[in-house]
Amino acid sequence: MAMHRLGLHFRSFCYRSPQLGFLIARLASLALSLARNWMSMEPQAAITRLKELGLLRSQGLIGGKWLDAYDGKTVQVQNPATGEVITSVPCMGRRETTDAITSSYDAFSSWSKLTATERSKYLRKWYDLIIAHKEDLAFLITLEQGKPLKEALGEVIYGANFIEFYAEEAKRVYGDIIPPTLGDRRLFVLKQPVGVVGAITPWNFPLAMITRKVGPALACGCTAVIKPSEFTPLTALAAAELALQAGIPPGALNVVMGNAPEIGDTLLESRQVRKITFTGSTNVGKKLMAGAANTVKKVSLELGGNAPCIVFDDADLDVAVKGSLAAKFRNTGQTCVCANRILVQDGIYEKFADAFAKAVKNMQVGNGLTEGAVQGPLINEAAVQKVESFIKDATSKGAKIMLGGRRHSLGMTFYEPTILTHVNEEMLISREEVFGPVAPLLRFRTEEEAIHMANDTNAGLAAYIFTSSIPRSWRVSEALEYGLVGINEGIISTEVIPINTFIYISMYILCCPFGGVKQSGLGREGSKYGMDEYLETKYVCLGNIKDE
Ligand code: NAP
């Protein structure tokens, strides 16, 4: 009973109001029917439609102009499910990035001077356009990233909601008045935009990782140079096109892509760029942090995880299986908050492993555009080879393959959803992010042992606990060295309502801070806390106030 109350806390909040419940149901059925209609469209027809709408862009955006690389170099964007080349985009570098920074710097002087209400209106318009084109953007995400179309649609709604949320937050950037210690003084605190922001984003959430940064940046009055991953630039370019259509002024948003180290170095070296916000691997994040030291920029980092998912003997088995499945296999295991290690207590280990295997077996692998597919391809061959090397390391040290463990018969970069048992802490898979559809099951005996195992890593992004004990859920949550903790819930990183295990509808009423501790990052994104990352605090002292 206690477990039931605890586990459904999130959802019961949303369902409390019948009107809200009705709205959720409407949204869910709308999203599903849209996804169904869209799925029936031939990929070629969908691409033609994107071209007609101006949403299939193959140039960078600098100062409001669509441009090729200055030396004409390009890089191909491929569909990971088929290997087909979708289009080519410019391979930009130092010169283009310098121009993008200049245009952002110029735009800052006017964009930052707009009233919060004016900026809010532009952002709202951008949100409306993203929502109006949600199927187009979802299709693009599936095409270049591979995630199933319904999951992509969930990302679009989730990503759009950051724009809407920060359109509202723009109006709530308050300062302070501090009681003076001397009678002839008045003391004020102002919040001001930091300036030009360099936003570097990964391929696994081609839209949402951008909007989670650019939404608050623009809302505060900052301007930005976005550097999407070379694997998924098309969604970023389409979103930028919609920003232009929304009237966001030229230069306020620029998009460059291509030579990542060169673009990164140019952003780091520029004195005009006052903030770097990065989502991606821990290694690249550390390089950016070191590089930002020379010009003492503000830095926010959303880096890799090594999420433990702890299943205690007293867990509700169904809840634990469903939650672990969602936490592990979302986006085919390619999210920073994916459960990387499933720690199962001795008394429930066998029962959990059997039930989990049954659920994993039921997942359909396929091209994300195929009806029913819930597991897409991995992003590229290197990702498959990483998965293979982790499995080889684990089995050479005694792990057993309970399910999967090989490339999928579909070929390309499809991999069979895999479960490993007899996994121990010495194996690579326990120490590093596998970023693929492999669930290693580790056994523990006591609560203390589980906490020790969970914390024995440099990462500290997300952790999950399954238990029916409220005291234990508090004890363990407090002891875990992580920025996010899910209790009896496998989907915690987004403000969403799950429709089923892999499909979510975003709820803008539930914005929570996202970010890691230890080597998983610095700063928070989303929620009211996400605004602080783009604001400077200025103290103003008004002195010598004399009686007239
Ligand atoms: P990545 O290799 O670090 O790439 C991330 C971004 O950095 C890409 O745009 C990449 O460009 C760029 N980049 C690479 N080298 C660079 C350099 N020297 N200077 C400047 N930029 C550089 O990571 P990924 O493989 O795309 O993403 C997966 C990682 O992201 C995982 O570790 C995952 O856990 C993490 N992640 C974290 C969060 C979070 O919120 N904590 C969310 C999502 C993902 P190119 O792609 O063009 O090379």
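The values are calculated or read from the model by the stated rules, or taken from the named source; none is laboratory data. What you see is a predicted model, and the numbers here were worked out from it, not measured in a lab. Glycine also receives a Cβ, built like all others from the backbone with ideal geometry; neighbour counts cover every protein chain displayed.
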Looking at the range 76-158, what helices (runs of 4 or more DSSP H) fall wholly within it and have at least 1 residues that are of a type in the set (Gly, Ala, Ser) and more than 30 Å from ALA383 (Cα to Cα)? 94-111, 116-132
Which residue is farthest from THR457 (Cα to Cα), if the candidates are limited to the range 293-308 and must be buried (at least 17 other Cβ atoms within 10 Å of the Cβ) and more than 11 Å from the ligand (Cβ to nearest atom)? LYS297
Check whether at least one residue in the range 416-435 is without any contact (Cβ under 8 Å) to a residue 12 or more places away in the chain, in the same structural domain as PHE312 (by TED's automatic domain parsing) and more than 16 Å from the ligand (Cβ to nearest atom), and report yes or no. no
Failed item, numbered, when LYS400 is tested on (1) under 16 Å from GLN334 (Cβ atoms); (2) in contact with a His (Cβ under 6 Å, 6 or more places away or on another chain): (1)
Kindly state which strands (runs of 3 or more DSSP E) lie completely within the range 170-242 and contain at least 2 residues that are crowded, with 23+ Cβ neighbours inside 10 Å. 196-200, 223-227
Looking at the range 496-548, what strands (runs of 3 or more DSSP E) fall wholly within it and have at least 1 residues that are surrounded by 15 or more Cβ atoms within 10 Å (Cβ to Cβ) and at pLDDT 95 or above? 535-542
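Could you pull out the residue among ASP318, ASP314 that is surrounded by fewer than 21 Cβ atoms within 10 Å (Cβ to Cβ), modelled with pLDDT of 95 or more, of a type in the set (Asp, Glu) and assigned to a loop (DSSP other than H, G, I, E, B)?
On the way: ASP318 fails: assigned to a loop (DSSP other than H, G, I, E, B).
One residue alone meets the criteria, ASP314.
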Just a yes or no: is a residue in the range 127-147 touching a Leu at 6+ places or on another chain (Cβ under 8 Å) and either under 20 Å from LYS538 (Cα atoms) or outside the structural domain of CYS222 (by TED's automatic domain parsing) (or both)? no
Say we look at the range 274-292 and pick out the residues that are of a type in the set (A, V, I, L, M) and more than 10 Å from the ligand (Cβ to nearest atom); which of these is surrounded by the fewest Cβ atoms within 10 Å (Cβ to Cβ)? ALA290
Before we move on, is THR223 away from the ligand (no atom under 15 Å from the Cβ), free of Cβ contacts under 8 Å to residues at least 24 places away in the same chain and either assigned by TED's automatic domain parsing to the domain that holds VAL337 or more than 17 Å from MET92 (Cβ to Cβ) (or both)? no
Does the range 335-344 contain any residue that is over 19 Å from the mean Cα position of the chain (by Cα), modelled with pLDDT of 95 or more and surrounded by fewer than 24 Cβ atoms within 10 Å (Cβ to Cβ)? no
For the list (1) in contact (Cβ under 8 Å) with a residue 24 or more places away in the chain; (2) assigned by TED's automatic domain parsing to the domain that holds ALA199, I need the number of the one condition that ASN367 fails. (2)
State which residue pairs qualify: first residue on the phi > 0 side of the Ramachandran plot and inside the range 124-148, second residue modelled with pLDDT of 95 or more in any location, beta carbons under 6 Å apart, and separation of 6 or more residues or different chains. GLY146/PRO80; GLY146/ALA81; GLY146/GLY368; GLY146/GLY376; GLY146/PRO377
Which condition number in (1) within 30 Å of THR82 (Cα to Cα); (2) in contact with a Gly (Cβ under 9 Å, 6 or more places away or on another chain) is the one that VAL423 fails? (1)
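Evaluate the following for ALA116: is it in contact with a Leu (Cβ under 9 Å, 6 or more places away or on another chain) and more than 16 Å from the ligand (Cβ to nearest atom)?
So ALA116 fails the test.
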In the range 330-375, anything assigned to a helix (DSSP H, G or I) and within 16 Å of the ligand (Cβ to nearest atom) is listed as ARG330, ASN331, THR332, GLY333
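Going residue by residue through the range 100-111, is there one that turns out to be surrounded by fewer than 20 Cβ atoms within 10 Å (Cβ to Cβ), closer than 23 Å to LEU242 by Cβ and at pLDDT 95 or above?
Yes, there is a match, as at least one residue in the range 100-111 is surrounded by fewer than 20 Cβ atoms within 10 Å (Cβ to Cβ), closer than 23 Å to LEU242 by Cβ and at pLDDT 95 or above.
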Kindly evaluate GLY264 against the criterion of being small (Gly, Ala, Ser), within 22 Å of ALA132 (Cα to Cα), touching a Leu at 6+ places or on another chain (Cβ under 9 Å) and within 15 Å of the ligand (Cβ to nearest atom). no
